[in-house]
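Chemist: Quick one: the structure is below, and I'll ask about it shortly.
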Ligand SMILES: [Fe+2]
């Protein structure tokens, strides 16, 4: 194997080809990391009626039962994984994890999901429930609205029967199998 460099300004094409080969070969670790994060969501409840893994599974199950495609279902499953790091900016964290693996409208749906959710509770917190209106006219507005109104804001029901995480694992592995670009 090629000895790699100690500083980038001394690197060679051959070394970068080896790094690229190994990075490509290790791509499956992305899906496994995401699945591990999803399992870890079971440790977060923060006062809601269900833990964050149940919420994620319920959101994704509702999306699948509504006929959403695989990228949308996986995005629904992952939409709150940013809460593992920081609730305050969790939509952007999840959106960036998904970005190389889903089409633009699916990325955007997750990026703005909190402002769309706001319709259902922002007023209680003294915030603008019409926060989503600043995105009026956006090509993915209707998708983001459907995500928030039909799948996400409704997914706190302890009695809802969701598919288990195992059901979604093959989808997660397919969606994260190949980034569209580096
Ligand atoms: Fe959510």
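FYI, it's all coordinate maths here, none of it is from the lab. Bear in mind that the values here come from a model prediction, so they are computed numbers and not experimental data. Glycine gets a Cβ as well: all are built from the backbone with ideal geometry, and neighbour counts include every protein chain shown.
Chemist: Once you wrap a convex hull around the alpha carbon atoms of the chain, what is its projected area averaged over all directions, in nm²?
Modeler: For the chain, the mean projected area of the Cα convex hull comes to 13.0 nm².
Chemist: Treating the angle as unsigned and between 0 and 90°, give the value, to the nearest 10°, between the Cα long axis of helix 13-25 and the longest Cα principal axis of the chain.
Modeler: For helix 13-25, the angle is close to 40 degrees.
Chemist: Return one number: the angle in degrees, 0 to 90 and rounded to the nearest 10, between the long axis of the Cα atoms of helix 28-40 and the longest principal axis of the Cα atoms of the chain.
Modeler: The two axes meet at around 30 degrees.
Chemist: Quick check: the angle from helix 165-175's long axis to the longest principal axis of the chain, C-alpha only, nearest 10 degrees?
Modeler: The helix 165-175 is inclined about 50 degrees to the chain.
Chemist: Mind listing P(r) for the stretch 87-182? All alpha-carbon pairs, 5 Å bins, whole percents.
Modeler: 2, 12, 17, 21, 21, 14, 8, 3, 0
Chemist: Would you mind ranking 108, 151 by Cβ crowding within 10 Å, fewest neighbours first?
Modeler: Final ranking by Cβ density, sparse to dense: 108, 151.
Chemist: For the stretch 18-111, what size does the Cα cloud have along each of its three principal axes, sorted from largest down, in whole Å?
Modeler: 49, 29, 21
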